[in-house]
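A.B. asks: Take this structure first; my questions come after.
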Amino acid sequence: FDETLARLEYRTPELLTELVARSVDLPGEDADILDAGCGTGLCGPHLQKLSSSIVGVDLSKNMLLRAQEGGNYMELVEGELLAFMRSRPASFDLLISADTLVYFGALEDVFLAAQTCLRPGAFLAFSLERADDAGEDGYVLTHSGRYAHDFDYAAACLRAAGFRVLAEESATLRIELNNPIDGILVVAQREEGED
């Protein structure tokens, strides 16, 4: 799996954590981080530069076994992402989700669950595939079976869930069928007054 991603020039975990490092001040080296959809743990080495208190959650037991081998996570949990986030209210200072929200069309429930698990003033960082024509929904299912999103739609969902966007960058997420996949990297902050 990791070798396949290398051939696809997959750099989203690195690019997203670099954007976080440039955009936010976490509350110290023991900041609590959730790697949402951690897979084999590709974000882990990059997140270690920010904090050693990292929890990973993923649906795949086999992926989590690979993530465990890296030794970057304090805790790894097998489970459905939204249910996990809802089960850990006000537990994290940063939620990072690299190449996971592409498996969700509508983002409203995702961002509400993120708001639940983040402390007031905490940060949410994620990647999306950019939609050229998302239509009225704000997202579209692509030929790859992943969803691509319109940034304006994602920003509206963030505002509705009590977040404000701090940073947004375009990026090439990977190469697929010899074509670059255009994406969006986003860092947002949970508003202090939201409960």
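The values are calculated or read from the model by the stated rules, or taken from the named source; none is laboratory data. These figures come from a predicted structure and were not determined experimentally. Positions of Cβ are backbone-derived with ideal geometry, glycine not excepted, and every protein chain shown enters the neighbour counts. We work out accessible area using only protein heavy atoms, side chains counted, and drop any ligands, DNA or RNA first. Shrake-Rupley method; radii C 1.70, N 1.55, O 1.52, S 1.80 Å.
A.B. asks: Considering Cα pairs under 8 angstrom that are at least six residues apart, work out the relative contact order of segment 114-181 and quote it in whole percent.
C.D. replies: 23 percent
A.B. asks: Then there's this: For the chain, with the dipole built from +1 on Lys and Arg beta-carbon atoms and -1 on Asp and Glu ones, taken about the Cα centre, which of A154, S144, V55 lies farthest toward the positive end?
C.D. replies: V55
A.B. asks: Using helices alone, I'd like the mean residue ellipticity at 222 nm for the chain: each DSSP H run of four-plus residues gives -39500 (n - 2.57), total over residue count, nearest 500.
C.D. replies: Taken over the chain, the calculation gives -8500 deg cm²/dmol.
A.B. asks: Working from the alpha-carbon coordinates of the chain, get Rg over Rh, Rh being the Kirkwood radius.
C.D. replies: The Rg/Rh ratio comes out at 0.93.
A.B. asks: Just the number please: accessible area per residue for the chain, 1.4 Å probe, all protein chains included, in Å².
C.D. replies: Heavy-atom SASA per residue in the chain reads 48 Å².
A.B. asks: Another question, if that's okay. Comparing T12, T142, T100, which has the greatest mean-square fluctuation in the GNM of the chain with Cα pairs linked when under 10 Å apart?
C.D. replies: Comparing T12, T142, T100 in a Gaussian network model of the chain, the most mobile one is T142.
A.B. asks: Take the alpha-carbon centre of segment 62-112, take the same for segment 135-195, and report the distance between them in whole Å.
C.D. replies: Between the Cα centres of segment 62-112 and segment 135-195 lies a distance of 17 Å.
A.B. asks: Can you list the residues, at least 5 places off or on another chain, whose amide H is less than 5 Å from the amide H of F123, using H built in the peptide plane?
C.D. replies: Result for F123 returns L94, L95, R190.
A.B. asks: With the cut-off at 1.5 for a/c, could you classify segment 73-147 from its C-alpha gyration tensor as rounded, prolate or oblate?
C.D. replies: It comes out prolate by the Cα gyration axes.
A.B. asks: Please list, ordered by chain and number, the residues whose modelled amide H lies under 5 Å from the amide H of D99; skip anything fewer than 5 residues away on the same chain.
C.D. replies: HN-HN under 5 Å from D99: S127.
A.B. asks: What's the carbon and sulfur percent of the chain's accessible surface, probe 1.4 angstrom, rounded to a whole number?
C.D. replies: 47 percent
A.B. asks: Place a +1 charge on the Cβ of each Lys and Arg in segment 118-178 and a -1 charge on the Cβ of each Asp and Glu, then give the dipole magnitude about the Cα centre in debye, rounded to the nearest 20.
C.D. replies: The calculated dipole for segment 118-178 is roughly 440 debye.
A.B. asks: Now for a separate question. Do you know the relative contact order of the chain, to the nearest whole percent, from alpha carbon pairs under 8 angstrom that are 6+ apart?
C.D. replies: 20 percent
A.B. asks: Cut-off 10 angstrom, C-alpha nodes, Gaussian network model of the chain. Which of G105, G39, G183 fluctuates the most?
C.D. replies: Highest fluctuation of the listed residues: G105.
A.B. asks: Follow-up question, since we're still on this one. For a quick check, take a GNM of the chain with Cα springs below 10 Å and name the residue from A155, A122, A98 with the largest mean-square fluctuation.
C.D. replies: A155
A.B. asks: Please list, in order along segment 31-48, the HN-Hα scalar couplings obtained from phi with the Karplus expression 6.51 cos²θ - 1.76 cosθ + 1.60 (θ = phi - 60°), rounded to whole Hz, x for Gly and Pro.
C.D. replies: Using θ = phi - 60°, the values come out as 4, 8, 10, 10, 9, 8, x, 5, x, 7, x, 5, 6, x, x, 6, 5, 4 Hz.
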